[in-house]
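Notes to accompany the following structure.
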Amino acid sequence: MGTLDGKVALVTGAGRGIGREEALLLAREGAAVVVNDLGGEWDGAGADPRQAQAVADEIVAAGGEAVANHDSVADDGAAKAMVAQAVDEFGHLDIVVNNAGVLRDKMVFNLATEDILTVIQVHLMGTFNTIRHAAAHWRQRAKQGEEVRGSVVNTSSTSGIFGNVGQTNYGAVKAAIASVTQIASMELGRYGVNVNGICPIARTRLTLLGSNNISDQDGPAVEWDPIDPANVAPFVTFLASDAAAEITGQIFGVYGGSVQLYRGWSLGPELRSSGGRAFPVEELHQRWQELFVAEPTAYRSPMEDLRPALQADLKQAGLTS
Ligand code: NAD
């Protein structure tokens, strides 16, 4: 008995890295999986259908159910077809894991328009595309009187939530994905669908800045490997299960043996004009510091803990000395 017996999942970007581990574990827990992956390079160039097929074959060889899909999530028609493929092959769709991603890291003054648009297309539009078509499927079933239990897990990033130098394009879409998560959860709850997001940290070619040297099959260098991408999958599998149906609109940090609930924007100190009307400019110059009293403890990136392991990987891949 698996925790996801009878469920059908679509995982985007599941040909390698974090998505591959998510697809494998969802299948081990009993879900039939549509394994989507364009199979391109880390920056979005090219395509290779073998990437998705290999993971689907691996699931089937292990006794699970899976089909491959090698289209781009950036293409709305292709995303619609992915949802249709799940329904045609397995009868319905219950779980969408939006994971596909590329990187075009540059300082803001070096960004070409294409670097921004590519990242928007794959991450943000990719997330919108699958959610819209999956939500239409769930809404239609709910309107026909069926008791729907749908689940969406989006992939955000600490770059979007807390910021990261060199990633204005990527961070912006990852923050937007957190907003999509929050608002879609408000809209889809009435149809029996929960929507959450994760900010993972794991060793993949994206954390190795585009190196293809790293193999997804590489075993951990040490007995406990905190940046193994397989560490992310258990929590995603949990979020997709019926046990997590009440959890919605949340963003979680997930890495190693840690799951952390992130809290979004919250109200801080307020400054009110002494006259009760619009601030005279002079008063703002005199009193602005009052907004910054009693600030909570500064955010500490989990990268601080993981940096030694990441640096060892970069060295092994020949990217640093
Ligand atoms: P990865 O490169 O190993 O995997 C990404 C996969 O997405 C690849 O297999 C790629 O072929 C696929 N893909 C790219 N464009 C696609 C498209 N248009 N359509 C379908 N598939 C496409 O990298 P990863 O680190 O496993 O990244 C997975 C997700 O996790 C991404 O959204 C990434 O931004 C996010 N993320 C990763 C980390 C990390 O530490 N690795 C941190 C924060 C967020």
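Looking across region 139-163, the residues that are in contact with a strand residue (DSSP E or B) (Cβ under 6 Å, 6 or more places away or on another chain) and more than 16 Å from the ligand (Cβ to nearest atom) come down to 150, 151.
What pairs can you find where one residue is in region 41-52 and small (Gly, Ala, Ser), the other is within 8 Å of the ligand (Cβ to nearest atom) and in a helix (DSSP H, G or I), and their Cβ atoms are less than 8 Å apart, with a gap of 6+ or different chains? Partner pairs satisfying both residue conditions: 44/122.
Would you confirm, using the coordinates I've provided, whether residue 64 is small (Gly, Ala, Ser) and more than 19 Å from the chain's Cα centre (by Cα)?
It is true that residue 64 is small (Gly, Ala, Ser) and more than 19 Å from the chain's Cα centre (by Cα).
Whenever a residue of region 217-239 is assigned to a loop (DSSP other than H, G, I, E, B), its partners that are buried (at least 16 other Cβ atoms within 10 Å of the Cβ) and at pLDDT below 90, lying with C-beta atoms within less than 7 angstrom and at least six residues away or across chains, give the pairs 226/306; 226/309; 227/306; 227/309; 227/310. Evaluating residue 162 against the criteria (1) over 26 Å from residue 255 (Cβ atoms); (2) at pLDDT below 95 leaves one unmet condition, (1).
Results for (1) surrounded by fewer than 16 Cβ atoms within 10 Å (Cβ to Cβ); (2) within 25 Å of residue 71 (Cβ to Cβ); (3) small (Gly, Ala, Ser), shown as yes or no for each residue.
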site: 116; (1), (2), (3): no, yes, no
site: 125; (1), (2), (3): no, yes, no
site: 136; (1), (2), (3): yes, yes, yes
site: 140; (1), (2), (3): yes, yes, no
site: 148; (1), (2), (3): no, no, no
site: 164; (1), (2), (3): no, no, no
site: 170; (1), (2), (3): no, yes, no
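Looking across region 16-36, the residues that are more than 18 Å from residue 207 (Cα to Cα) and within 16 Å of the ligand (Cβ to nearest atom) come down to 23, 24, 25, 26, 33, 34, 35, 36. Residues in region 47-74 that are assigned to a loop (DSSP other than H, G, I, E, B), on the phi < 0 side of the Ramachandran plot and away from the ligand (no atom under 13 Å from the Cβ) were compared, and the one that is surrounded by the fewest Cβ atoms within 10 Å (Cβ to Cβ) is 62.
Of all the listed residues (44, 13, 39), the sole one being near the ligand (Cβ under 9 Å from one of its atoms) and closer than 19 Å to residue 228 by Cβ is 13.
Pairs meeting the criteria (first residue in region 111-129 and in contact (Cβ under 8 Å) with a residue 12 or more places away in the chain, second residue assigned to a helix (DSSP H, G or I) and acidic (Asp, Glu), beta carbons under 8 Å, at least 6 apart or on different chains) are 125/76; 129/76.
The values are calculated or read from the model by the stated rules, or taken from the named source; none is laboratory data. Every value quoted in this text rests on a predicted model; they were computed, and no experiment measured them. Methodologically, a virtual Cβ is constructed for each residue, glycine included, from the backbone with ideal geometry; neighbour enumeration extends over all protein chains shown.
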